[in-house]
Every structure is written in structure tokens, then in C-alpha cells.
1. State the number of residues belonging to segment 57-75 that are open to solvent by less than 80 Å² (accessible area, probe 1.4 Å), more than 20 Å from Val321 (Cβ to Cβ) and assigned to a loop (DSSP other than H, G, I, E, B).
2. Just give me the residues in segment 247-264 being touching a Lys or Arg at 6+ places or on another chain (Cβ under 8 Å) and surrounded by 23 or more Cβ atoms within 10 Å (Cβ to Cβ), in sequence order.
3. Here are some residues: Arg23, Arg5. Which one is of a type in the set (Lys, Arg) and over 20 Å from Ala131 (Cβ atoms)?
4. How many residues does segment 22-56 hold that are in a helix (DSSP H, G or I) and within 15 Å of Ala324 (Cα to Cα)?
5. Take residues that are buried (at least 24 other Cβ atoms within 10 Å of the Cβ) and under 14 Å from the mean Cα position of the chain (by Cα) and tell me which of the strands (runs of 3 or more DSSP E) falling wholly in segment 76-173 contain 3 or more.
6. If I ask for residues that are part of a strand (DSSP E or B) and within 16 Å of Ala371 (Cα to Cα), which ones from segment 422-436 would you list?
7. Being assigned to a helix (DSSP H, G or I) and open to solvent by 10 Å² or more (accessible area, probe 1.4 Å) is the filter; apply it to segment 199-211 and report the residue that is nearest to Thr162 (Cα to Cα).
Amino acid sequence: MTELRTLKVALLGCGNVGAQVARILIDDADALAARTGARLELAGIAVRTIDAPRDVELPRELFTTDADTLVKDADLVIELMGGIEPARSLILAAIENGACVVTGNKALLAQDGPTLYEAADKAGVQLSYEAAVAGAIPILRPIRDSLSGDHITRVLGIVNGTTNFILDQMDTTGAQFEDALAEAQRLGYAEADPTADVGGLDAAAKAAILASLSFHTRFDLENVHCEGITGVSAADIAAAKDAGFVIKLLAIAEKLTAADGSEGVSVRVHPTLLPREHPLAAVHGAFNAVFIEAENAGELMFYGQGAGGTPTASAVLGDLVSAARRIVLGGPAQTETTIGQVPALPIDAVNTSYYIGLDVADQPGVLAKIAQLFAEHGVSIEIMRQTIHRDADSKVESAELRIVTHRATEAALAATVQAVKGLDVINSVTSVLRVEGV
């Protein structure tokens, strides 16, 4: 029997995902060797603090604080440190030394991915990042490889488990945002500082990666319109449910034609109303899903666990085995399929339906005034629902209006809302959300 060669693997970072990756490399060494054609030897784990508590018990001699030296001697480098530096410098050093790199660093890829891609192309090594989007779900490889002969027109994704859990709790239990967030933190779905999740920043980084692969153009965070879920109220959730919708935080990338006739891609993250019969509406808890529309393949959906140490480690190991096979068999590395520069369109170019919540005076003629103003701005109303509220102390009555429009441009909707605010019968505009899937 031919003796298998050994490939040295350097692991940078040993958090929840890194610890599981290390465990699998050790426990499943024989199985991985059989699939790869080489033994994958975990040469070391670079960490900030060697004696920090970890959920997985690993040999102490594997740990080091000298990441630079560890990277120099590796055939394969797994970067799971997160953040921009020193992750960026270590990845570039690994590439320069001829190592293939696997990373789950969505923030770095969204901010400075082109530098890494170009370095990997120049060095002829593989840079893989399946774990950067949607955890265990194999989505990047199908977009890059399986759909490479098709034309993707639109991607809708629930790519942040924390926000999906929060919105799902609000929808299924009637909880307020703060209570649903507290429950997410108690269960470990949300960090003590949840800003990156609830502010939409995590999803925006993933949206940039999905858009780049789907439309063969490099998009970064500056190209992504981003809104979080902190403004979504229990009243919004209840009103959406009453109208047959569910609210999800979606990452959306789609081809559009702007008003001036130019074509481009809109990349955006924002709370969105979806009809309850849409496949993404049935994604509950902290799960993720990505819904793809392509010219020939039609509609596809990828669903699974979007976070967690073990599920995400599965994506990391898939990339690692792929890169190791390439080293064993030889041949060119898989490279980015960027071939053009499709412009990123601003949010004003989006044409969709909208949901508007209004607090208005309960008096004759209010509905007519609002409807007329919408018509003057070219925005057609599809659904209008009214709920009366009476203040027992002051005897003042007000009405809550929930409006769903037909498709309109972002610019027309913004002008309409601005005009509505000027009506003397409007107490406040309580919410403006976009609607997809209708």
C-alpha cells in the first residue's frame, strides 16, 4: 500500500468553530485521509491566550501564540480568528508562502476580499470561504460551480440566525423586540453586544459575498444598503400577520434596470414583509435559508443551520478537504469567477411593494386625503386596514392605518411618505417596510 503524504494544517483561532474543527481533524483523521488522499496533520493552533477555557479538550502542546511562525510552515491554513487584523496579514503571508487558505471571515472578505482573491490568483493557491455565509449550508460552491452555466437574477437570503430567531419569537409569541432579544441572548444565539446582528451589519457582509459570486462582480460593504431590525415593533409584526405576511431580515441581491435605462445590481439588507406562503416565511428559529432565482434552473432554496460550532465546522472541513485534494492531485486552483464590473445600484433604483404604518386622527375625510396624496405621487394602494384607538382619559380617538402598496420605486415611496408627514391629520409615520414575493 502506498504511504500517504502528510499535509500540515495551521489553525488560527480556537473559538466555538475553531475548537470543533480541531476536534474533527484529530478524531476523524483516518476518514479525512481516505477522502483526501493525504494525512491532514494539525500542526498547531494559534491563539491569544493558551490557557483560556474551551468547550473542547485539546492537546495543550498544539497551542501557540506565535501565529507568524505557524503559518510559515503550513501547507493549509484555516483562519477563524475573525476581525480584519491580524487575520488579513496572516492570510496574505500564508498565500505568499504557497499555502491554500480556508476562512470564515465574512467581515474581512466583504471589506477587502479583492486583495485576498488577487493574491491567491497570483500565487496559484486556493482561497475558500464557504463558512463565511450561512454556516453549514453549502451555498457558495453551488453558486460558483453548479450554477456557473446559468444566469442568476435574484438572491434572497435569511443569513443571520440571531435576527431570524428574534423576529420569529415576535411573530409566534407576540413578544416585544427587547424581550425576544433577551431570550436570544439567554440561549446563546445573540452576543452580549448584538449590534452587528440586529443592526444588519453581519448580514450585509454576507450579502456582499453572495452578490459578488452570483453576479461575477466584486461588491463590498460600501455597495450594500443596510437597515437592521431594531425599529420593528410588535405592532408591525401583528399587523403583518393580520395581512398574511411575516417579517424577515433579508439579504437581497438582484439585477435591476434603473429609471435611466442602465442595468446594475441592487445589494441590500433590510426588514422585509413576505407572504406566508413564500418558502422563506417558513424558516423558523435560528435557521438560515437562501432562495435563488435563475433563468434556467428556476427557483432553488438552500436551508439549514446557519451558525454554531459544529455546523460551521462542517463547512470549514468541506473547504479543507477540497483544497487538500487539489494539492494532492495538482492542477490549477479554483479561482473567483469575476469577469466583469456590473455597477451597484443605489436603493433609489429598487422597485417593490411597501408597507406603511400611520397613526392618524380619527375624523371624516382622513382616508380620502391619504389616498389622494398617494395617487398624486404615483403610488397605488393595494391594502388599507384601520384600527381605532380610544384614550379613556382624554376621550381622544386616533386610528392606526396599515397600508400595503402595489410596486413603486423607492424614490416615489420616499416622496409620498414625506408628503404624508405634512398632512395635519397625521400624528406620526410609525413604520415603512419593503414587501417582497408578491
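The values are calculated or read from the model by the stated rules, or taken from the named source; none is laboratory data. Source: prediction; values computed, not measured. So basically every Cβ, Gly included, is an ideal-geometry build from the backbone, and we count neighbours across all protein chains shown. Accessible surface is based on the protein model in full, side chains and every heavy atom, while ligands, DNA and RNA are left aside. Shrake-Rupley method; radii C 1.70, N 1.55, O 1.52, S 1.80 Å.
1. 3
2. Selection gives Ala251, Ile252, Ala253.
3. Arg5
4. Looking only at that region, the number is 9.
5. Of the strands (runs of 3 or more DSSP E) lying wholly inside segment 76-173, those with at least 3 residues that are buried (at least 24 other Cβ atoms within 10 Å of the Cβ) and under 14 Å from the mean Cα position of the chain (by Cα) span 152-158.
6. The answer is Ile426, Val429.
7. Only one residue fits best here, namely Asp202.
Conditions tested, residue by residue: (1) open to solvent by 60 Å² or more (accessible area, probe 1.4 Å); (2) assigned to a strand (DSSP E or B).
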residue: Gln363; (1), (2): yes, no
residue: Ala368; (1), (2): yes, no
residue: Ile383; (1), (2): no, yes
residue: Ser398; (1), (2): no, yes
residue: Arg402; (1), (2): no, yes
residue: Ala411; (1), (2): no, no
residue: Val420; (1), (2): no, no
residue: Val438; (1), (2): yes, no
